[in-house]
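Q: First, the structure itself, so that you have it in front of you.
Taken together, the values in this text are just the output of simple stated rules run on the coordinates, not laboratory data. Quick caveat, the model's predicted, so the values are computed rather than measured. Note that each Cβ is placed from the backbone with ideal geometry, even for glycine, and that neighbours are counted across all protein chains shown.
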Amino acid sequence: MDEKLKGKKIMWVEDDQFLSGIIAQKLAAHGGTLLHASNGEDGLAMAQKEKPDVLILDILLPGMSGFDVLEGVKTNPSTKDIPVIMFSNLGDPADMKKAKELGATKFLMKATIIPEELVSEILSVL
Amino acid sequence: MNKDHLNRVDADFLVVAHQIQAPLSAVKWTLSMLVNGDEGALTEGQLTLAKKAFSSNDRAIHLIEEVLSANRLQYGGEILSFSWIPIFDIIQNTISELSNTAKEKDIKIIISDFKGESPLVEVDREKIRDAFENVLENAIKYTPQGGKVTISVVREESDVLISVEDTGIGITEDDEYKIFNKFFRGSNAKLNGTSGTGLGLFIARGVVEKHGGKMWFEDKKRDLHMDESGVRFSFTVPLNRQGKVL
């Protein structure tokens, strides 16, 4: 598989271990450097420390929600320019609107894309 | 069941509908990687089975999406994102997307009254596209092999009138008052063996009404006194949404 993501630091916050494992497998196959957190608090701390090239955020997380993490990233001058892709099971238009207002670059629904498309979406914001 | 019980069942069902999306997504992602060859090439038989499982799982995802969308339209929560679009673009793109489905049944799609410059309409592009796609998909689905579907787009004083006429099985008199009901599937459709959730037209009409338009149908034999069977579905989209959106 080609190494489209080589040299790119890709971080995602996802509490579903199964899905997280699939994401890791796919992104690793394309050569990305992977960073993963499974809850909002760890995700925000990791994003601020590691400053990834892109951040993929689930919304429903234990503790801080994905929206809280998004707000924390976008209001911090040192992380505000990191492109954030919201990645959720919820396709509620109100959530999409809120994500956009808080500064998310994209909003993807897990159930409507396939792993290869996630890679394309990541490449489009890098 | 009393009303409170029904409301609770409805609310519980919506929670389940939300939560079931996570495992369905996981299945979709796993099957997609198998089909894509991420774990090595599959035999032809394995590939066929994996593709069938993927397709079946996608149907379940689509059903959940429709249930949630119908619920938002019925109880509020649907937010439209308006922009000015040439209506012909939406119509032509949707026809292109469904042309292979029509070809498989040797159905001709005829475009009439579709001339000159496209009227600009202020709509939620995706939602109106979905509504039109639903009507056109139904027309193809319920039209037998070798039939035809005729589409017309006419600019009227304050609306654009879009009609889709098929040479299909028609709608029985018993069914005509229920056709836009949630989860309703026509008796002709059941006899014809076509699949569907019974939510598509409910959603399509909801979307059109949310834009300030109207959607209706006429049975060609009963209402239009034509010799051939079939249905003409029509809907309007206001040219300007000002003061018309609910």
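Q: Can you tell me how much longer the chain between B:SER81 and B:GLU209 gets when fully stretched, taken as 0.36 nm per residue apart minus their C-alpha distance, in nm with one decimal?
A: Difference between extended and current length: 44.6 nm.
Q: Give me the lysines in straight-line cross-link reach of A:LYS49: C-alpha distance below 25 Å, same-chain residues under 8 apart excluded.
A: Filter leaves A:LYS4, A:LYS6, A:LYS8, A:LYS9, A:LYS26, A:LYS74, A:LYS80, A:LYS100, A:LYS106.
Q: Please list, in chain and number order, the residues 5+ apart from A:LEU57 or on another chain whose amide H is under 5 Å from its amide H, with Hs placed from the backbone.
A: Distant-sequence amide H within range of A:LEU57: A:VAL13, A:ILE85, A:MET86, A:PHE87.
Q: OK, next. For the stretch B:119-191 and the stretch A:25-98, what is the separation of their C-alpha centers, rounded to whole Å?
A: Answer, in whole Å: 41.
Q: Further question: For a quick size check, give me the Cα extents of the stretch B:9-69 along its three principal axes, largest first, whole Å.
A: The Cα atoms of the stretch B:9-69 stretch 44, 16, 16 Å along their principal axes.
Q: Per residue of the stretch B:157-174, in order, report the coupling 6.51 cos²θ - 1.76 cosθ + 1.60 (Karplus, θ = phi - 60°) as ³J(HN,Hα) in whole Hz, putting x for Gly and Pro.
A: With the stated coefficients, the stretch B:157-174 comes to 4, 10, 9, 10, 9, 10, 10, 10, 10, 10, 10, x, 7, x, 10, 6, 4, 4 Hz.
Q: Hey, what's the Cα Rg ratio for chain B versus the globular rule of thumb, 2.2 N^0.38 Å?
A: For chain B, the normalised Cα radius of gyration comes out at 1.11.
Q: A further question on this structure: Can you tell me, using C-alpha contacts under 8 Å and at least 6 residues apart, the relative contact order of chain B as a whole percent?
A: 17 percent
Q: From the Cα gyration tensor of the protein assembly as shown, with a ≥ b ≥ c the square roots of its eigenvalues, which class applies: rounded if a/c is under 1.5, or else prolate if a/b is larger than b/c, or else oblate?
A: Cα axes put the protein assembly as shown in the prolate bin.
Q: All other residues with a Cβ under 13 Å from the Cβ of B:ILE90 taken together, and with Lys, Arg as +1 and Asp, Glu as -1, what is their net charge?
A: Combined, the nearby Lys, Arg, Asp and Glu give -4.
Q: Where q = 0.13, 0.21, 0.23, 0.24 Å⁻¹, what log10 of I(q)/I(0) comes from the Debye formula for the stretch A:21-77, counting one point per Cα?
A: So the normalised log intensities work out to -0.33, -0.80, -0.93, -0.99.
Q: Taking springs between alpha-carbon atoms closer than 10 angstrom, which of B:GLU44, B:GLU156, B:GLU228 fluctuates most in the Gaussian network model of chain B?
A: Of the options given, B:GLU44 has the highest mean-square fluctuation.
Q: Which one of B:TRP29, B:TRP84, B:TRP216 has the biggest mean-square fluctuation once chain B is modelled by GNM with Cα springs under 10 Å?
A: B:TRP29
Q: Please work out the ratio of the alpha-carbon Rg of chain A to 2.2 N^0.38 Å and round it to two decimals.
A: It is 0.95.
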